[in-house]
Amino acid sequence: MNLKKLPLLNLKRNPGRTLALVLLTAVLSFSIFGGTVVVSSLRRGLGSLTERLGADIIVVPSQAQSKVSFQDIFLQGTVGAFYMSRENLTRTLEVEGVEKAAAQVFLASLKADCCSIRIQVIGIDPETDFVIRPWLEKSGSRGLKDMDVVVGTKVGAEVGETLRIYEERCHVAGKLAPTGTGLDSAVYCNMSTMKKLLSAAEAKGISHKVSSDDEDVVSAIYVKVKEGYDIGKVNSAIQGHTRKASAIRTRSMITDVSSSLLAISRVILGLIGAIWGMGFLLLFLAFAMIARERQQEFALLRVLGSTKKALKGLIRKEAFLCCLSGGFVGIGLACLLVFPFQTLIEMSLSLPYLIPEPSGLFLIALGALGASVASGFASSAFAAWRLSQADPGRLLRQG
Amino acid sequence: MRLESRSVQKWYFRNRFQSNRFFAVHGADITLLPGRVSVIMGRSGSGKTTLMQMLSGLLTPDEGKVLLEGEDIYALPDEKLCALRRTRFGMIPQGADLLPQLTVKENLLLPLAMEGREKEEGVFKMTRDLLERLGIADLEDVLARELSGGERRRVSIIRALLGTPDFLLADEPTSDLDEENVSLVLTLLKKEAREGRGVLVISHDQEVLSICDDLYQMEAGTLTQKEDWGGRSLLNITAR
Amino acid sequence: MKNKKTAVLMSMILILSLVAAFGLRSFMAPCIHEDGSFGSCHWAGEALFGLSLLMAGQAILGLFLARGRREFFLCIFCDAILGVCLPGLLIRLCTMATMRCQSIMKPGVWVLMILMGGFSLTGFFLPGSSQGKERKGKT
């Protein structure tokens, strides 16, 4: 009989009571960990979106219903395509205050290799592009050769495989790092490959031409404004100078996302708070009831010579062990839901969603564990104090 | 070496406005001496257990003092008072006598474990001897919650004896026991007294008088010593 | 006591395997195509459905044949590993992570298989009664 083992024996030999306490704490850590991971992922997604956009203004065809369709492509990975004349790129570059402008061409595939799915194909000009290229380079992808494609992290094709887009065979040359945005669901190629794909699509009856004589089209123009120029004014100038196109300030897009994120974060944090509050109250009541039920047991320990301090230590140790294991169980269960279902969560929220780095996750887990243990300590403190203050004789009598 | 109470009083209030005060113990004086068995007899609710709890440092008296070798034990800090209970008092409480989730063996060694003495030489042998003597050697690894009332009683008596205390304080040690076991327990208590321990037995069982040296009567919180008792034994039981 | 604990674990496995089998035919079903054709994710779904029924059968047998329960736990654990490996690794799913098979079926099956694997492993290694020796009779 080792006295240090007493709390463990108490828990082990009262499995029902222990299980109830563990589950109660598991609910706390589950809500704290799960909720915080979702909120952090949304925040990281927003950060990634801001970083990925890299442009101050985006020019899209008026037919793209202003920013809505474009936003869907960018944020949710909705497949779509819209075109305007390439002339708009030249016109944009002519506007005073424009530092650089890069065009992208979108194409929605009909069928990929395995299932009947549509993929967003984005053609970039590696020479001028400043939006996708840094990301490609960061992901270790070398230059895009003809008929090479680089796929987003959510496209289930691996490097070296072949993707069939409009019956054209494209070689997967690289896979990009996750961004948490709709860009993860896209496939990227150079303009020459895009031209071939557009011709192949044309052959299938999907036209991209803006007018019968204009084959050189673009879908979006990313604009970087020179230092010192007012982005709003440049935006208006571009709007006026381009034809059948709308200029969108990226900040307004980020603001939209940011306010949605704020609303969702508030709801999630509110839920965490409510669950935590309720869990804490239940834990408090549970400890108080257990202390009452075990009054005679604690009185006997005092009779046998246990000090008030030792008794408090025993209750605290039991609470610690319960809450620690409950914390682990809750975090484990949250991991089982939050990570495998991250795509589903992202799709349901319709917002950029990027799971934090392992170090960040570790810190969140540590925080959730700490919060669970602290809740256990705090909720058991009153019971421990009350029991230790009472005369053992009185406790024996009451029991 | 003596344990004595000086005019100790304990009162309770029977309503929430703290007006209806009643005395559980009303000015009790008792002295426990080594080698003697003191018995307090009385009806249920007469205050015997309250007095014993005050004597063993478990219940602070409202008036009066409990002195161990002249020192007021309630003036000691909690740590020292607990150390006294662990080392010098052997308690056989009534009611909650064992921790239900521990085995018999674990319960027996618990007070020694508090002192870090559970692995001391001779403890194992003494435990085995006492278990065998009280006929519960086969219950060593059984959980306390699975024991009958009589078995629990015997385990708690062995636990009190294992610590080799100076004073043994037993509250109804013979309750729940059959005749044979009553005799065994009383013999054991008498033997402990002969080995130099002060023994206090609280009981309303007349058989306890067979080992009694000093007899006290408790009635409605008032303790009186039967002066004419003079250590007479009803049964001539000797240590076996 | 040990039997009671393993029976509870076996019952949990039975419930989870039935949830998996039912789910693969309803809320966790693989991708549904408009033209009636199906890709490899369909076959992954079929294989998983069969595996879930097999696990349910093993759990029922394990529940009623208490003697070989440990062996059944081991079988179920192996099945659970297979269940984790089947979607995506052994049988390819659809290309996009946003598709139903990737976003619902695979994670759903993973969660259920991991839980069943955990329960079966616990059942396999469950130590003997830790509640002290059983009493033979009161003295």
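What follows draws every value from the coordinates through simple rules; no lab data is involved. All values derive from a computational prediction rather than experimental measurement. FYI the Cβ positions are ideal-geometry reconstructions off the backbone, even for glycines, and counts take in every protein chain you see.
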- Message: Within 13 Å, Cβ to Cβ, of A:Pro178, how many net charges do the neighbouring residues add up to if Lys/Arg are +1 and Asp/Glu are -1?
- Response: +1
- FRET efficiency for C:Thr122 and A:Phe130, using Cβ-Cβ distance with R0 set to 45 Å, rounded to 0.05: 0.25
- Task: Enumerate the amide H contacts of B:Leu177 below 5 Å, restricted to partners 5 or more residues apart or on another chain; note that Pro and chain-start residues carry no placed amide H.
- Result: none
- For segment A:54-250, share of DSSP beta bridges that run antiparallel, in % to the nearest 5: 75
- When the charge dipole of the protein assembly as shown is computed with +1 at the Cβ of Lys and Arg and -1 at the Cβ of Asp and Glu, the Cα pointing farthest to the positive end, of A:Leu46, A:Ile290, C:Gly123, is that of A:Ile290
- Item | Point-charge dipole on Cβ atoms (K/R +1, D/E -1) for the protein assembly as shown, about Cα centre, debye to 20 | 1040
- B:Met126 paired with A:Ala108, simple spin-label distance in nm, labels 7 Å along Cα-to-beta-carbon: 8.8
- Task: Tell me the label-point distance for the pair A:Lys138, A:Arg169, using the 7 Å Cα-to-Cβ offset, in nm and rounded to one decimal.
- Result: 3.4
- Take every Cα-Cα distance within segment A:132-288, group them into 5 Å bins from 0 onward, and report for each bin the whole-number percent of pairs it holds. 2, 7, 10, 11, 12, 13, 13, 10, 6, 4, 4, 3, 2, 1, 1, 0, 0
- Message: If neighbour count is taken as other Cβ atoms inside 10 Å, put A:Val59, A:Val98 in order from fewest to most.
- Response: A:Val98, A:Val59
- Inter-probe distance in nm under a simple model that places probes 7 Å from Cα toward Cβ, at A:Gln63 and B:Glu195: 10.5
- Query: Where does the protein assembly as shown land on Rg/Rh, using Cα atoms and the Kirkwood Rh?
  - Reply: 1.21
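Express as a percent, rounded to the nearest 5, the fraction of DSSP beta bridges in the protein assembly as shown (both residues included) that run antiparallel. Intermediate values should be presented prior to the final figure.
On the way: 49 of 78 bridges.
Of all bridge pairs located within the protein assembly as shown, approximately 65 percent are antiparallel.
Inside 10 Å of the C-beta atoms of A:338-349, what's the mean count of C-beta atoms belonging to other chains? Don't skip to the end; give the middle numbers.
Numbers: counts 0, 3, 9, 7, 3, 9, 7, 1, 3, 4, 1, 0.
Taking the mean over all residues of the peptide, I get 4.
For the protein assembly as shown, what is the calculated [θ] at 222 nm in deg cm²/dmol (nearest 500), taking -39500 (n - 2.57) for each run of four or more DSSP H residues and dividing by its residue count?
Values: 23 runs with 376 residues, N = 778.
-16000 deg cm²/dmol, from helical runs alone.
Which FRET efficiency, nearest 0.05, do A:Asp216 and A:Leu281 yield, Cβ-Cβ r, R0 51 Å? Numbers along the way, then the final one.
Numbers: r = 67 Å, r/R0 = 1.32.
That gives a FRET efficiency of 0.15.
Calculate the FRET efficiency for A:Glu51 and A:Glu293 from the Cβ-Cβ distance with a Förster distance of 51 Å, rounded to the nearest 0.05.
Details: r = 56 Å, r/R0 = 1.10.
Calculated value: 0.35.
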- Amide H neighbours of A:Lys100 under 5 Å, at least 5 residues apart or on other chains, H built in the peptide plane: list them. A:Lys224
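Relative to the Cα centre, what is the charge dipole magnitude of segment A:54-250, using +1 at the beta carbon of each Lys and Arg, -1 at the beta carbon of each Asp and Glu, and rounding to the nearest 20 debye? Provide the component values of the computation, followed by the final result.
Working: 24 positive and 25 negative charges, 67 e Å.
For segment A:54-250, the charge dipole is close to 320 debye.
Only Lys, Arg, Asp and Glu count, each charged at its Cβ (+1, +1, -1, -1), so figure out the dipole size of chain B about its Cα centre, rounded to 20 debye. List each step's numbers first, then the result.
Details: 32 positive and 38 negative charges, 82 e Å.
Dipole about the Cα centre, nearest 20: 400 debye.
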- How big is the antiparallel share of DSSP beta bridges in chain B, given as a percent to the nearest 5? 50
- Message: Please list 3J(HN,Hα) in residue order for segment C:86-100, calculated via the Karplus relation 6.51 cos²θ - 1.76 cosθ + 1.60 where θ = phi - 60°; whole Hz, with x for glycine and proline.
- Response: 4, x, x, 8, 8, 10, 5, 9, 5, 5, 8, 5, 7, 6, 3
